[in-house]
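Encoded as structure tokens, the structure appears first; notes follow it.
Derivation of every value follows stated rules applied to the coordinates shown; laboratory data play no part. Please read all numbers here as calculations on a predicted model, not as lab measurements. Neighbour counts run over all protein chains shown; Cβ positions are idealised from the backbone, glycine included.
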Amino acid sequence: MIAHPADSLIIFHDSPLPKYRGFAPLVSALVNGEREIGVTALFGADKFDTGDIIAQSKTKINYPITISEAIQINNENYIKCAEKVFKNILIGQTLVGVRQDESKASYSVWRDDDDYQIDWSNSATAIRRMVDALGYPYSGAKTNLGGKLIRIMNVEEYPDVVIENRHYGKVLFVIDGRPVVICGRGLLKITKAFLEEKDKKSSLFSLYKHRIKFSNR
């Protein structure tokens, strides 16, 4: 006999609740540099992601890490939570939830296209986290070059130097044919990027010239 009531909805959420309730929690966690990701199984509630927690699985992570790598890690967390939930249901054991600690609650807001825009005044470390979090299977972080939309898919942090006039977004060096961009703090080497135009994509590096500046608009 299955003890779980048919009218009690069970939800799986890809964050260690009560942190990151809401939308795109895994992306937000990576952008923010969280050292732990996870999955929570919980009962449905009138307010989203506030129900009692049935099971939870967490994993420590190190940076740099891409969104695709984080998804693979969280797939294992989904499996662990599902195994606990379904095992209890199959043996007829009543599922018991634990109330969330509201003092530790946080929310992740839905993301739109503006949230893919790189702000070069941020640190190189923060921008790299953003680029890695918005890569495949997402469309990639974006920036602008002479009115053209550029998608940045992969970057590497590059050793910083003393820059007397730190104009972030400008290319300082070209290393192995790849531009090194000035950030608010630190430098980033762009290793994979393309110009996005209607119905086609062109390599950024085929268009490259030395004096260029990436911008937010």
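To check you understand DSSP bridge types, tell me what percent of the beta bridges within the chain (both residues inside) are antiparallel, rounded to 5.
On the way: 38 of 42 bridges.
In the chain, approximately 90 percent of DSSP beta bridges are antiparallel ones.
7 Å from Cα along Cα→Cβ at both Asp112 and Phe23: what's the point-to-point distance in nm?
It is 0.9 nm.
Starting from the Cα-Cα distance between Asp160 and Val174, subtract it from 0.36 nm times their residue separation and give me the gain in nm to one decimal. Write out the running numbers ahead of the final one.
Values: separation 14, 0.36 × 14 = 5.04 nm, distance 1.40 nm.
Residue separation times 0.36 nm, minus the Cα-Cα distance, leaves 3.6 nm.
Sort the following peptides by mean Cβ neighbour count (other Cβ atoms within 10 Å, averaged over residues), highest first: 64-71, 119-126. Don't jump to the answer; show the numbers that get you there.
Details: 64-71: 15.9, 119-126: 17.6.
Packing order, densest peptide first, comes out as 119-126, 64-71.
What is the helix-to-structure angle for 67-90, meaning the angle in degrees between its Cα long axis and the longest Cα principal axis of the chain, kept from 0 to 90 and rounded to the nearest 10?
The angle comes out at about 0 degrees.
Match the structure shown to one of the listed values (1) 71, 39, 29; (2) 53, 37, 30; (3) 83, 38, 32 of Cα extents along the principal axes in Å, computed from it, and give that label.
Only one listed value fits the structure, namely (1).
For Lys170, go through the lysines and keep the ones whose alpha-carbon is under 20 Å away, minus same-chain ones fewer than eight residues off.
The qualifying lysines are Lys142, Lys148, Lys189, Lys192, Lys209, Lys213.
With 10 angstrom as the radius, rank Val98, Val174, Val85 by how many other C-beta atoms surround their C-beta, starting from the fewest. Spell out each step's value before the answer.
Numbers: Val98 11, Val174 14, Val85 17.
Sorted ascending by nearby Cβ count, the order is Val98, Val174, Val85.
Tell me, in nm to one decimal, what length is gained between Lys104 and Lys60 on full extension, where the rule is 0.36 nm per residue of separation less the Cα-Cα distance? It would help to have the intermediate numbers written out before the result.
Working: separation 44, 0.36 × 44 = 15.84 nm, distance 1.88 nm.
Separation in residues times 0.36 nm, less the Cα-Cα distance, equals 14.0 nm.
Report, in degrees rounded to the nearest 10, the 0 to 90 angle that the Cα long axis of helix 124-133 makes with the longest principal axis of the chain.
Approximately 50 degrees, to the nearest ten.
Report the dimensions of region 113-206 along its three principal axes from the alpha-carbon atoms, largest first, rounded to Å.
Over region 113-206, Cα extents along the principal axes are 41, 25, 22 Å.
For His167 and Ile89 in the same chain, what is the full-extension length gain: residue separation times 0.36 nm, less their Cα-Cα distance, in nm? Don't skip to the end; give the middle numbers.
Details: separation 78, 0.36 × 78 = 28.08 nm, distance 5.96 nm.
Going from the current span to full extension adds 22.1 nm.
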